[in-house]
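The values are calculated or read from the model by the stated rules, or taken from the named source; none is laboratory data. Owing to the predicted nature of the structure, the values given are computational and were not obtained by experimental measurement. Glycine also receives a Cβ, built like all others from the backbone with ideal geometry; neighbour counts cover every protein chain displayed.
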Amino acid sequence: MSGCEKVLEEICGCKVTKLNDDVCATVLNWVIKNSDASFPPCACPNGVKWLLAHCCDGVTWGYFVGTRWIVSATAFPKLSPQISKENLLELRLFGDSTEILIWRSSHGFEGRIVDDVASTSPEKYLQPAEEARLLLGDSIVDGPKNGFVIVRSSDGKEQAVPEMVVDLIDREPPLAFLVVKHYFAKNPETGAARIALSRLVALKKS
């Protein structure tokens, strides 16, 4: 992991590594410029497939194809903002076995990587567990266009999500799920388990 700082902590089933300023900048440039020429040294292109960016002016979804990111801002720019260092609040790049998280702080950007590792704990209740959460949106209101559709919830909130995770034929809600993975740690004094960390894994059809 050239350019990454030391491992912060070991939680059952994962390893957390802090990203220094230079690597955060490299990851952001890779996403914003959308060029494999600046691929971040701490990540493998097969490790991250999905993108979720929370910006000052909206939410942008994306997915990785070949050497490039396909983002919802291209399909629906009025709804999904173009990602920039000026408007980005939080960026998640994630896949089956890893997540890169970068967030804005008072002095710039900070980041970390969560990588799956083999669990050494014999206790089953400490093993990582996945949860499928309903993705916001129970009806399709626009698209598909350039790989994305706009979905709307009953309260009128909208977002542009990858077409591949939405069933365009059977449009009965729920339309899609966001898979989240939880990692556990044990209190050494009481033995009680708690969720020590959670990360995004994938988008999938209902």
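Tell me which residues, restricted to region 119-160, are touching a residue at least 60 places away in the same chain (Cβ under 8 Å), of a type in the set (Asp, Glu), surrounded by 12 or more Cβ atoms within 10 Å (Cβ to Cβ) and not in a loop (DSSP other than H, G, I, E, B).
Correct list: Asp142, Glu158.
Tell me whether region 53-76 contains one or more residues that are under 13 Å from the mean Cα position of the chain (by Cα), of a type in the set (S, T, N, Q) and surrounded by 14 or more Cβ atoms within 10 Å (Cβ to Cβ).
Scanning region 53-76, I find at least one residue that is under 13 Å from the mean Cα position of the chain (by Cα), of a type in the set (S, T, N, Q) and surrounded by 14 or more Cβ atoms within 10 Å (Cβ to Cβ), so the answer is yes.
Among residues belonging to region 180-206 that are without any contact (Cβ under 8 Å) to a residue 24 or more places away in the chain and not polar (S, T, N, Q), point out the one that is nearest to Phe94 (Cα to Cα).
In this case the residue turns out to be Ile195.
Are there any strands (runs of 3 or more DSSP E) wholly within region 53-96 with 3 or more residues that are touching a Pro at 6+ places or on another chain (Cβ under 9 Å) and farther than 20 Å from Gly108 by Cα, and if so which?
58-65
Of Ile113, Ile70, Ile83, which residue is closer than 17 Å to Leu197 by Cβ and either modelled with pLDDT of 95 or more or aliphatic (A, V, I, L, M) (or both)?
Ile113
Select, from Ser106, Ser97, Ser80, the only residue that is without any contact (Cβ under 8 Å) to a residue 24 or more places away in the chain, outside the structural domain of Gly137 (by TED's automatic domain parsing) and small (Gly, Ala, Ser).
From the options Ser106, Ser97, Ser80, the qualifying one is Ser106.
Do the conditions hold for Val31, that is, is it modelled with pLDDT of 90 or more, closer than 30 Å to Arg152 by Cβ and assigned by TED's automatic domain parsing to the domain that holds Gly95?
yes
Under the condition of being part of a loop (DSSP other than H, G, I, E, B) and modelled with pLDDT of 55 or more, which residue from region 1-28 is farthest from Lys78 (Cα to Cα)?
Ranking the qualifying residues of region 1-28, first place goes to Cys12.
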